[in-house]
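Heads up, the thing below is written out as structure tokens.
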Amino acid sequence: NDNIDSEVITLHVNNIDSLRKYTEVIQFLNQLTLVDAVILTEQTASSAKFQVNLLTKRDRLVDTLILDGRLMPILNEFSEVIDDSQFTWVE
């Protein structure tokens with residue numbers, strides 16, 4: 001890929017304890033304009049790991065997710081991102 005702004009990242013998503021939630025996360029990520037492709041790479045009882053092919057940099061995706069509020073990274077008490085690889089699906 002010649003696009004220097006593209007990136008492939010791994011997202012660990014918690015609170016994925018049903019097929020419905022898994023489907024919601026996949027659909028949510030796929031409908032983002034910043035995302036080219038989403039692949040499930042690992043599934044456990046209540047979490048999933050996704051490989052996400054981005055059309056932008058990781059920090060732009062994280063900013064977009066925080067604004068949306070459904071897929072949230074780990075934040076500190078000042079609402080600053082302290083871990084942008086672990087996310088929680090919020091219903």
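The values are calculated or read from the model by the stated rules, or taken from the named source; none is laboratory data. The shown structure was predicted, so the numbers you read here are calculated from the model rather than taken from an experiment. Here Cβ is always computed from backbone atoms with ideal geometry, including for glycine, and neighbour counts include all displayed protein chains. These accessible areas exclude ligands, DNA and RNA; they are computed on the full protein's heavy atoms, side chains included. Shrake-Rupley method; radii C 1.70, N 1.55, O 1.52, S 1.80 Å.
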Percent carbon-and-sulfur accessible area, the chain, ignoring ligands, DNA and RNA, probe 1.4 Å: 49 percent
DSSP bridge pairs, the chain: antiparallel proportion in percent, nearest 5: 85 percent
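What net charge is computed for the residues neighbouring S18, neighbours being all others with C-beta under 15 Å from the C-beta of S18, Lys and Arg scored +1, Asp and Glu -1? Numbers along the way, then the final one.
Values: positive: R20, K21; negative: D17, E24, E91.
Net charge around S18: -1.
How high is the relative contact order of the chain, in percent, counting Cα pairs under 8 Å that sit 6 or more residues apart?
Values: 155 pairs, mean separation 30.6, N = 91.
That works out to 34 percent.
When Lys and Arg each count +1 and Asp and Glu each count -1, what net charge do the other residues less than 15 Å away from I9, Cβ to Cβ, add up to?
The answer is -4.
Sort 73-82, 41-50 for me by packing, meaning the mean count of neighbouring Cβ atoms within 10 Å per residue, highest on top.
Values: 73-82: 10.5, 41-50: 13.9.
Highest-to-lowest ranking by the protection proxy: 41-50, 73-82.
On a full-extension model of 0.36 nm per residue, what is the gain between I9 and Q31, subtracting their alpha-carbon distance, rounded to one decimal in nm? Walk me through the numbers on the way to the answer.
Details: separation 22, 0.36 × 22 = 7.92 nm, distance 1.68 nm.
Separation in residues times 0.36 nm, less the Cα-Cα distance, equals 6.2 nm.
Just round it to a whole percent: the fraction of Cα-Cα distances in the range 19-58 exceeding 17 Å. Write down the numbers at each step before the final one.
Details: 215 of 780 pairs.
Taking all Cα-Cα pairs of the range 19-58, the fraction more than 17 Å apart is 28 percent.
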Spacing of the two label points (7 Å from each Cα toward its C-beta) at D63 and S46, in nm: 3.3 nm
